[in-house]
1. Here are several values of P(r) over Cα pairs in 10 Å bins from 0, in percent: (1) 9, 38, 40, 13, 1; (2) 8, 28, 32, 23, 8, 1; (3) 9, 35, 35, 17, 3, 0. Which one was derived from the coordinates shown?
2. Provide the percentage of antiparallel DSSP beta bridges, counting only those with both residues in the chain; round to the nearest 5.
3. Could you report the stretch 57-152's accessible area per residue, 1.4 Å probe, as an integer in Å²?
4. What is the set of long-range amide H partners of Ile127 at a cut-off below 5 Å, with H atoms built 1.01 Å from backbone N?
5. What residues qualify as long-range amide H neighbours of Asp107, i.e. H under 5 Å apart, gap of 5 or more or another chain, H built at 1.01 Å from N?
6. So what are the ³J(HN,Hα) numbers for the stretch 173-179, from phi and the Karplus equation (6.51, -1.76, 1.60; θ = phi - 60°), rounded to whole Hz, Gly and Pro as x?
7. For the chain, give the magnitude of the charge dipole about the Cα centre (Cβ charges: +1 Lys/Arg, -1 Asp/Glu; no others), in debye to the nearest 20.
8. How would you rank 43-51, 107-115, 9-17, highest first, on the average number of other Cβ atoms within 10 Å across their residues?
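The values are calculated or read from the model by the stated rules, or taken from the named source; none is laboratory data. Because the structure is a prediction, the values reported are computed rather than measured. Cβ placement follows ideal geometry from the backbone for every residue including glycine, while neighbour counts extend to all protein chains displayed. Side chains are part of the model used for accessible areas, which takes the heavy atoms of the whole protein and leaves out ligands, DNA and RNA. Shrake-Rupley method; radii C 1.70, N 1.55, O 1.52, S 1.80 Å.
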Amino acid sequence: MSLSVDFLKKMNVLYQGFLQFDATQPDRLKRYRNIEPESAQYLAMLIRVQQSQHILEIGTSTGYSTLWLADAASVTGGKVTTLEIDAQRTVQAQGYAEAFQLADKIDFHVCDALDFLQQNTQQYDFILLDAERHAYLDYWPDLQKKLKKKGSVLIVDNVISHAAEVKTFITQIKQDGRYVGCTLSLGAGLFMVTLRDTV
């Protein structure tokens with residue numbers, strides 16, 4: 001299943017259900033807060049263009065973005081590793097992965113993202129960062145180690161909708177001459193980071 005009409009229809013139904021749930025939750029932390037469809041489709045296309053093999057997602061939530069990444073990985077022969085601290089949401093995401101026949105393309109981890117980043121030695125072609133924004137500065141030293149490969153890409157979500165919360169993080173990256181970054185006006189705003197040259 002790779003961007004077929006059936007896949008797109010099912011993903012739209014799923015997304016609308018998540019929106020309806022979020023509308024009933026006054027507490028932000030209880031909302032699913034999934035990535036917007038236009039952003040997710042862009043990421044899936046980028047994985048195809050890049051022919052990404054090793055894909056890391058920080059912030060699974062209920063797995064909406066994970067499904068997009070995994071569908072793209074099914075085309076490139078890649079694999080998605082996704083991190084989520086909430087075990088209940090991971091179980092929910094695993095259920096959707098089974099329903100969409102994409103479970104074999106995804107490794108689910110219930111963990112603290114910082115612990116994973118510090119202990120894991122894998123380098124990645126593609127990283128999606130869509131988690132609690134206050135932790136991004138703590139993640140950055142270890143994320144740099146994951147982006148050692150030339151052509152590796154880090155995508156950060158919500159950089160327009162929550163600009164104040166990621167301002168220091170984005171500024172730090174822009175001030176580091178080893179990296180080049182730009183903001184894309186898709187969805188809630190995506191910030192793309194890649195190596196200026198080999199490190």
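1. Computed from these coordinates, P(r) over Cα pairs in 10 Å bins from 0, in percent corresponds to label (1).
2. 40 percent
3. On a per-residue basis, the stretch 57-152 sits at 40 Å².
4. The answer is Leu56, Val153, Leu154, Ile155.
5. Amide H to amide H, under 5 Å and 5 or more residues apart or across chains, Asp107 pairs with Val80, Thr81, Thr82.
6. Here the 3J(HN,Hα) series is 5, 5, 7, 8, x, 7, 10 Hz.
7. Here the chain has a charge dipole of around 500 debye.
8. 43-51, 107-115, 9-17
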